[in-house]
Each structure stands twice: as C-alpha cells, then as structure tokens.
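**Q** One structure follows; several queries about it will come next.
The values are calculated or read from the model by the stated rules, or taken from the named source; none is laboratory data. Predicted model, so just to flag it, every value in this text is computed and none were measured. Note: areas computed on protein heavy atoms with side chains; ligands, DNA, RNA excluded. Shrake-Rupley method; radii C 1.70, N 1.55, O 1.52, S 1.80 Å.
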Amino acid sequence: MRSPLLALIGTALAATGCGYQLQGRAVAGGFGTAILVHPQDARLGGAGVPGVRVQLVRDPDRMRREVVAETVSDAQGDFTLKTSSFGAGWMDERWEIVATRSGYATAQSRMELPLDTRAVRVQVELEGGGR
C-alpha cells in the first residue's frame, strides 16, 4: 500500500460511495498503447477515433481477469472510465487498459492508476490495420 493515510482516504471514499473516474482520448497513431499524459499534452489533440471500446482490467495477471469499467469513445474520441472498485487509484496494484475497434489493432498497456485523476488523461493510441 502507498501509505496508511492513503488507505484511510480510500476507505472513506469507498464508504461514501464515491467512484473513481479516469478520462481519456482515443487517437489514431503508429503504436497500440495506452499511456498517462498531462491534460494539456499535444498528443491528445490528434484525430480522435470514435467507437473505441475501452476496458479497465484489475490485476490482469490473474486467471480470471476482472473488467471493472468499460466504455465507448464518443464522436471526438473522448471517454471516461468509471468504477467503484475498492482501491482504484490508491492501492499499490497493477491495472490494464485495453482498447479495441474494428479496423485497428488492439491497444493495451499495464499501469498503476493515479491518485489524482485531474492531473492526467489516458491517451489511447490505435494503430490502423487490425481486424
């Protein structure tokens, strides 16, 4: 765990029913990846890809992968992943973002979720030519 204080904050948030939200944008590019960037990062200004299915997977190394959030990007490529999963953003664990859309290769990356979601955006870069 990151610290006892963060654990206490996370417990309080879970008890009040607050959810975790992570905003992002799907863009066309040369790599199939998902990274955390600053909200003003110029790469977020690329051509948005609508209709991208974006999933947040908890503890992706487990045999039974658990998809805890799923959404579809809007006409500009923007999306918001929302989950009420205990520990999202403050527990020391791995998560995976998986993005799929017909005509593009699957984009996926593993990461630790940020505590302050206002300070970052998920940039999903999709490489053309998938199924």
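**Q** How much accessible surface does Arg62 have with a 1.4 Å probe, in Å² rounded to 10?
**A** Roughly 100 Å² of Arg62 is accessible to a 1.4 Å probe.
**Q** Could you sort Thr106, Thr71, Thr83 by accessible area so the largest value comes first, with the probe set to 1.4 Å?
**A** So, going from the largest accessible area down, we get Thr106, Thr71, Thr83.
**Q** What is the distance in Å between the Cα centres of segment 57-78 and segment 92-119?
**A** 7
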